[in-house]
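Down below is the structure, laid out as structure tokens.
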Amino acid sequence: MRSVVAVLEKQIKDTWKNKTVLIQFLMFPFMTILMNHTVRIETMPKHFFTELFAVMYLGMAPLVSATSILSEEKERGTLRALLMAGVKPGEYLLGVGLYVWTGCMIGSLLMVFFDDYTAKQASLFLLVAALGIPFSLVIGACVGIASRSQMAATSLSVPLMLLTSFLPMLAMFNASVEAVARYTYPQQLKVLLVDAERGMIGAGSCLILLGNGLFLLVLFMILYKKNGLE
Amino acid sequence: MIAVSAEHIEKAFCAHTVLRDVSFSIPQGEIFGLLGPSGSGKTTLIKILTGQLAPTSGSAALFATRSEALTISQRRGVGIMMDEFGVYERLSCFDNLKVFAALHGIDRSAIQKTLEAVGLSDCAKIPAGKLSKGMKSRLRLARAFLTSPQLIFLDEPTSGLDPAAAEEIHAMIAAQKKRGVTVFLTTHDMTEAEKLCDRIALLDEGRILVSGPPAELCRRYNRLRQITLRLSDGTELSFPADPASAPAICALIEQGRMETIHSSEPNLESVFMTLTGNKLNV
């Protein structure tokens, strides 16, 4: 537990100086607040920008942050120093994971806080965010584990990030894409966010999320077994 | 007590053998230097000794515990400074050490004390990324010293540093010896090894060629064994360093013709060249 806290503290200390991660945490919440307060169209559904950007945020921010932190520590050799100091790989991943999850939850909270959600709607919105962040986080960890350098990690994370964050938006405009996207977690997160606005959460979406979660966990374990943390 | 022991260590990466039958032991409190050219297997050996890498065959142990089986509290008693262990560039020197202090439950006063010991107390708030190469080396050294370990591994600690910075690092290593700490040092700098180490081992192509105290090795492998006299008329005369030369040398001294006298002083470089036919600093 001491190691997890030490990794977490180190990340918190680094937050204001690590521009890559800080931008990921704050970019979409600020865009949401900006759009909600500047664009007003009569026919536009309520919470349109919040839901749209929240899905993108949940698909992008945890993935890029986790990849960036892991690949940087690997490349600079600080990860090896931590492991030699007795930090177990699981403890390190948990520390980084908790940090990214907390950062993204704060971002989600900002999105909700500056939009007019009821308490129940806000709670469900944050519940969906809390459930959604780990999916992209695991993908980010997979990329970080599989990459030897930051450069290699970026070349892998960018297409994945585009896929996870833009798929629900593309699905809005194309029925064929939607037919495929509905089996992926970003699309189901979007469905759940809309459901949250209605004050309910669908069981079908939860089942698809469970399937996606299992698939990502198996992928993570295979990559971890093959590459290790270093 | 034996602090480090290596028994018949072999390491191969695919078909390439990096270490061949490496065996030695280091008693507590000794500075042991592993001297060899770049690519001779020094870093690989440190990684095996510290449990970062498994040997293909043979075994390594620290304080009688196999390196791979070291517990977290045992690891705490071992400081490691390797060039590839980076520092957190955006964090200050103090915060860099704080991360590792938190891992070991060490309080803030120990961090300050360690920074003072390596001469970085004035830079405590400066981000590590803004430090010079020599200062970064000191910070890495501070990290290795932080837990007051009884055994320290230093992989080329002065590599790429200017003589003044290297001299400071030497003083810090010597101070650790006074505390009774065992130091395992790899270097390709023969002067550093001669100056700091109680014993050295020469490593070439993964094999230990010879080991022992630097002065003894120099004596043992002194092939030149010459005495050179410079006479008052400017001529230089060389004699074999054996009893048969004594009368001639004495005669020159008695005649008052001798200006200077020198014995050939072998160094580790010449020992290495004698044993391998190659230069050490490659």
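The values are calculated or read from the model by the stated rules, or taken from the named source; none is laboratory data. A quick note: this is a predicted structure, and the numbers were derived from the prediction, not measured. Please note: Cβ atoms are built from the backbone with ideal geometry, for glycine as well, and neighbour counts cover all protein chains shown. Keep in mind that these areas ignore ligands, DNA and RNA; they rest on the heavy atoms of the full protein, side chains included. Shrake-Rupley method; radii C 1.70, N 1.55, O 1.52, S 1.80 Å.
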Computed Rg/Rh of the stretch B:153-282, alpha carbon atoms with Kirkwood Rh
1.10
Grab the DSSP H runs of chain B that are 4 residues or longer, score each as -39,500 (n - 2.57), total them, divide by all residues and round the 222 nm result to the nearest 500 deg cm²/dmol.
-10000 deg cm²/dmol
Relative to the first principal axis of the alpha-carbon coordinates of chain A, what is the inclination of helix A:150-173, with its axis defined by its Cα atoms, in degrees from 0 to 90 and to the nearest 10?
10 degrees
Expressed as a whole number of Å, what is the distance separating the alpha-carbon centroids of the stretch A:86-118 and the stretch B:207-255?
73 Å
Largest to smallest principal axis extent of the C-alpha atoms in the stretch A:62-127, angstrom
49, 19, 13
Which translational diffusion coefficient, to the nearest whole µm²/s, is obtained for chain B from the Stokes-Einstein equation, given a Kirkwood hydrodynamic radius over C-alpha pairs, 10 °C and 1.306 mPa s?
76 µm²/s
Charge dipole magnitude, Cβ of K and R +1, D and E -1 - the protein assembly as shown, Cα centre, debye nearest 20:
1000 debye
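I want the local charge near B:Lys11. Using Cβ-Cβ distances under 10 Å, sum +1 for each Lys or Arg and -1 for each Asp or Glu among the other residues.
+1
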Running Debye on the protein assembly as shown with equal point scatterers at the Cα sites and no solvent, what base-10 log of I(q)/I(0) appears at q = 0.06, 0.09, 0.12 Å⁻¹?
-0.42, -0.76, -1.07
After finding the eigenvalues of the alpha carbon gyration tensor for the stretch B:224-265, what semi-axes result from the square roots of 5 times each, listed largest first in whole Å?
16, 12, 7
Of the convex hull drawn through the C-alpha atoms of the stretch B:1-68, the volume per residue in Å³ is 77 Å³
Compare the peptides B:210-219, A:54-63, B:146-155 by average per-residue count of other Cβ atoms within 10 angstrom and give them in order, highest first.
A:54-63, B:146-155, B:210-219
Under a Cβ-only charge scheme (Lys and Arg +1, Asp and Glu -1), can you give me the dipole magnitude of the stretch A:2-227 about the Cα centre, in debye to the nearest 20?
680 debye
For chain A, the percent of accessible surface on carbon and sulfur atoms (probe 1.4 angstrom, ligands and nucleic acids excluded) is 72 percent
Between B:Glu254 and B:Thr276, what FRET efficiency follows from the Cβ-Cβ distance if R0 is 60 Å, with the result rounded to 0.05?
0.90
What is the mean number of Cβ atoms from other protein chains located within 10 Å of the Cβ atom of each residue in peptide B:91-102, rounded to a whole number?
4
For the stretch A:2-227: accessible area per residue (Å², 1.4 Å):
47 Å²
Positive minus negative residues near B:Ala102 (Lys, Arg vs Asp, Glu; Cβ under 11 Å)
+2
Summed for both chains, how many Å² of accessible area, to the nearest 100, are buried between B and A with a 1.4 Å probe?
2100 Å²
Residues of the stretch A:14-57 that become at least 20 Å² less accessible with every protein chain present than in their own chain isolated, using 1.4 Å: which are they?
A:Asp14, A:Lys17
What does the convex hull of the Cα atoms of the stretch A:122-230 come to per residue, in Å³, rounded to a whole number?
107 Å³
What is the log10 of I(q)/I(0) for the stretch A:2-227, computed with the Debye formula using one identical point scatterer on each Cα and no solvent, at q = 0.16 Å⁻¹?
-1.11
Positive-end residue of B:Ala101, B:Leu146, B:Ala128, charge dipole of the stretch B:84-147 with Cβ unit charges:
B:Ala128
Taking 20 Å² as the minimum loss, tell me which residues in the stretch B:34-57 lose that much accessible area going from the chain by itself to the full protein complex (1.4 Å probe).
B:Gln52
Dipole moment magnitude, nearest 20 debye, chain B about Cα centre, only Lys, Arg, Asp, Glu C-beta charged
980 debye
